[in-house]
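Some notes on the structure that comes next.
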Amino acid sequence: MSSSILFVCLGNICRSPLAEGAMRAEAESRGLDVEIESAGTGKWHIGDPPDPRAIEEAQANGVDIAKQVARQVSAQDFDRFDHIVALDGSVYADLLAMAPESGTAEVSLFLDHVEGRGGEDVADPYYGGPEGFAVTWDDVTAGAAALADKLDG
Ligand code: 4NP
């Protein structure tokens, strides 16, 4: 069965592009038919490529995210996607607040899908050093595997 997932963070240049890349890789390796995109709640980076540190971290793990273009999440996304997955709790709260009543997407917190990590945020690496992006990569690959398990099963 095909499904669709939208990953959402604040800027759509660090965490959700890495989540999109990790999920694409996971879906491809399992042969899952899933449409995957990412977006941000904020508008600062609309039209921008991912942060160079995010591109580098993905590249180091064999995943190319360089051609992604940042966009802002919209009300229509709540009808377009089956799943809207927030990278942290504040984004999750913002998504619930903006969700149209008619929206059909299931909104969730990414790490709630990972056993033992419920309620945790994927920390924002934007203001730190490159090592933060390695932590982000580990978090989003764990989340992608857990989501794929659910879609697979
Ligand atoms: P992201 O990180 O939400 O993981 O893409 C951020 C990127 C940019 C900003 C905040 C967070 N910003 O304020 O510009």
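If I filter the stretch 23-38 for residues that are closer than 22 Å to residue 104 by Cα, within 10 Å of the ligand (Cβ to nearest atom) and in contact (Cβ under 8 Å) with a residue 24 or more places away in the chain, do I get at least one hit?
yes
Counted as qualifying within the stretch 40-153 are no helices (runs of 4 or more DSSP H), as none has 3 or more residues that are open to solvent by less than 60 Å² (accessible area, probe 1.4 Å), at positive phi and within 11 Å of the ligand (Cβ to nearest atom).
Candidates 96, 109, 87: the one that is hydrophobic (A, V, I, L, M, F, W, C) and within 15 Å of residue 20 (Cβ to Cβ) is 87. Can you report the number of residues in the stretch 4-22 which are buried (at least 17 other Cβ atoms within 10 Å of the Cβ) and either basic (Lys, Arg) or away from the ligand (no atom under 16 Å from the Cβ) (or both)? Matching residues across the stretch 4-22 total 2.
The values are calculated or read from the model by the stated rules, or taken from the named source; none is laboratory data. This one's a predicted model, so the numbers in the text were calculated from it and none came from an experiment. So basically every Cβ, Gly included, is an ideal-geometry build from the backbone, and we count neighbours across all protein chains shown. Protein only, heavy atoms only, side chains kept; ligands, DNA and RNA dropped before computing areas. Shrake-Rupley method; radii C 1.70, N 1.55, O 1.52, S 1.80 Å.
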